[in-house]
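Worksheet: one structure, shown below.
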Amino acid sequence: MSAIAALVLLLAVNTPSPEFLLESHRAGIVRIGENADVLYHALNGEADLIDMKAEGMFTPLLKLTIGGRKDALRAFIGASDRHLIVRAIEVRDPRFRTAAGIHLGSTLGDLRKAYGKFSSIGGEGTVGARVEPLSMTFDLGGGVYGNDNYRARDLSDVPGNVPIVTIWLN
């Protein structure tokens, strides 16, 4: 097999289908800024509406069934110009991948190889690696939150084997 044929095969195997592609402001068919009612109808009702009651306020969230998996994505809903729109997306299904192949279960080392430098973002009990060109934050597991050994703003002191446990688009 020629090197070109091997490269084409490798790209075809590692490129996620459009249904599971993570891009800036988009997870598959779900797009930041999209009208929530239009999204709900596009999914033929394959979504559960939840009120998260954040800080005692009505905080709507759609738990989306994608490709047969319940709660694959969570679409956080907010108001804009008298419409409800998708404000943020939480990825909960490892089938969703960036063009570089980063998904839930990938490691911080994988993220470094794919996207180079990023900044640390923390809050609500998590620490994440923010890749600004993608408008995505990759939340890290492995006991990174609250660990005084990890203080660098670019996460350079966090081991490469720390897993990505959630991906946020906003």
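Restricting A88, A75, A99, A129 to those that are buried (at least 20 other Cβ atoms within 10 Å of the Cβ), within 16 Å of the chain's Cα centre (by Cα) and either under 14 Å from R26 (Cα atoms) or touching a residue at least 60 places away in the same chain (Cβ under 8 Å) (or both) reduces the list to A75. In the range 137-153, the qualifying residues are those that are in contact with a Gly (Cβ under 9 Å, 6 or more places away or on another chain), more than 15 Å from G109 (Cβ to Cβ) and not aromatic (F, W, Y), and the one that is modelled with the lowest pLDDT is G146. Is there a residue being open to solvent by 40 Å² or more (accessible area, probe 1.4 Å) and over 18 Å from the mean Cα position of the chain (by Cα) anywhere in the range 14-31? Looking through the range 14-31, none of the residues is open to solvent by 40 Å² or more (accessible area, probe 1.4 Å) and over 18 Å from the mean Cα position of the chain (by Cα).
The values are calculated or read from the model by the stated rules, or taken from the named source; none is laboratory data. These figures come from a predicted structure and were not determined experimentally. Virtual Cβ from ideal backbone geometry, glycine too; neighbours counted across all protein chains shown. Note: areas computed on protein heavy atoms with side chains; ligands, DNA, RNA excluded. Shrake-Rupley method; radii C 1.70, N 1.55, O 1.52, S 1.80 Å.
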